[in-house]
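Below is one structure; the comments refer to it alone.
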Amino acid sequence: MSFTVEERGNPNTLSYRLFFKNADGKYVSPFHDIPMYADESQNIFHVVVEVPRWTNAKMEIATKDPLNPIKQDVKKGNLRYVANVFPHKGYIWNYGAIPQTWEDPGHKDEDTDCCGDNDPIDVCEIGTKVCSRGEVIKVKVLGVLAMIDEGETDWKVIAINVEDPEAKDLNNIGDIQRLKPGYLEATVDWFRKYKVPDGKPENQFAFNGEFKDKEFAIETIKSTHGFWKALISQKTNSGGLNCKNTCVSAGDSPFCCSTDEAKAVIEGTTPCGTEDPIPCSVDKWFYYEKE
């Protein structure tokens, strides 16, 4: 199963969008149409890469837009970039999401005592390769971190691309500690501080900031898949999310998007144009003074 992307708008501007097509050239939603599992028998999952490692643009699946393209987050009318909190440069992993998952804002998690953040479940892919924006990769899950972001549960799954040369040696969270010393600590540090330059408090974590193992992570993913199933079958209020899809819903579903409708969505956006420069301020370092 393979997927390609189609750029629309001008990169590094408010108009930029990245739409997805399947192997048949059919437009699809990366939120709803790409299967969660790449190989269910082996617990191998698909991940849609939103942010390649070392980059700063906060790109994400647009859950409220038709066909859910990837676009850059906007704050107060401006494109959002994460700050470089020393010694980190941009995102320190390939960052993305598992399709067909949803952290239900109406469900209070028993472990975190907080409701979901209304997004697909996030993934930090720790392999050697710097992925491309919009790339759909197959990963095996190693563990999960339970971040509490402004009172919402925001799971961060730790995974590795199955094609990575180190994948055979990494099978659980303890293997990362052994083979990549300092990486997990850096991950907690990154998530704790990345919003501080924007004037926000440090993020908090359940389980005292400790990572849960592979089995816990897989069960967490499965539960968010269950929430997504309820969403796409209209058993849960969509709450402003756009559930239009071209492959999952039956023809009589209000979420079913025809080929013509999908083409109209893309044609309604700006054609791909010249890239704008990234602001120089994005390369600025933020030095965090420890208390």
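Values quoted throughout were computed directly from the atomic coordinates according to the rules given, and no laboratory measurement underlies them. Computed from a predicted structure; not experimentally measured. Cβ placement follows ideal geometry from the backbone for every residue including glycine, while neighbour counts extend to all protein chains displayed.
Distance between Cα centroids, region 235-291 to region 189-212: provide it in whole Å.
Result: 26 Å between the Cα centres.
How high is the FRET efficiency from E215 to E166, r the C-beta distance, R0 22 Å, rounded to 0.05?
The calculated FRET efficiency here is 0.60.
So for V196, V139, fewest C-beta neighbours within 10 Å to most, what's the order?
Ordered from fewest to most neighbouring Cβ atoms within 10 Å, V196, V139 come out as V196, V139.
So, by mean Cβ neighbours within 10 angstrom, what's the order for 240-247, 141-148 with the highest one leading?
In decreasing order of mean packing, 240-247, 141-148 become 141-148, 240-247.
Which residue fluctuates most in the GNM of the chain (Cα springs below 10 Å): T187, T13, T274?
T274
As an exercise, use a Förster radius of 51 Å and the Cβ-Cβ distance of E110 and M1 to find the FRET efficiency, rounded to the nearest 0.05.
0.90
Placing one identical point scatterer on every Cα of the chain and ignoring solvent, what is log10 I(q)/I(0) from the Debye formula at q = 0.10, 0.13, 0.14 Å⁻¹?
With one equal scatterer per Cα and no solvent, log10 I(q)/I(0) is -0.52, -0.92, -1.07.
Just the number, please: percent antiparallel of the DSSP beta bridges in the chain, rounded to the nearest 5.
Given both bridge residues lie in the chain, the antiparallel proportion sits at roughly 85 percent.
Which residue fluctuates most in the GNM of the chain (Cα springs below 10 Å): N208, N94, N118?
N208
Which entries of K64/K214; K26/K58; K108/K200 have Cα-Cα distances beyond 29 Å here?
K64/K214
Using the per-residue mean of other Cβ atoms lying within 10 Å as a proxy for protection, in what order, highest first, do the peptides 156-164, 44-52, 108-116, 211-219 fall?
By packing density, highest mean first, the sequence is 44-52, 156-164, 211-219, 108-116.
Evaluate the distance, in nm, between pseudo-label points positioned 7 Å from the Cα of A186 and of R80 along their respective Cα→Cβ axes.
A separation of 2.4 nm, rounded to one decimal place.
Counting only the backbone N, which residues of region 14-56 are under 14 Å from the spot 7 Å out from the Cα of T259 toward its beta-carbon?
22-28, by backbone N distance to the label point.
Taking other Cβ within 10 Å of each residue's Cβ, how do R80, R53 sort, fewest first?
If I rank by nearby Cβ atoms, fewest first, I get R80, R53.
Figure the gain on full extension for T270 and N118 (residue separation times 0.36 nm, minus the Cα-Cα span) and round it to one decimal in nm.
Once the chain is fully extended between T270 and N118, it gains 52.0 nm.
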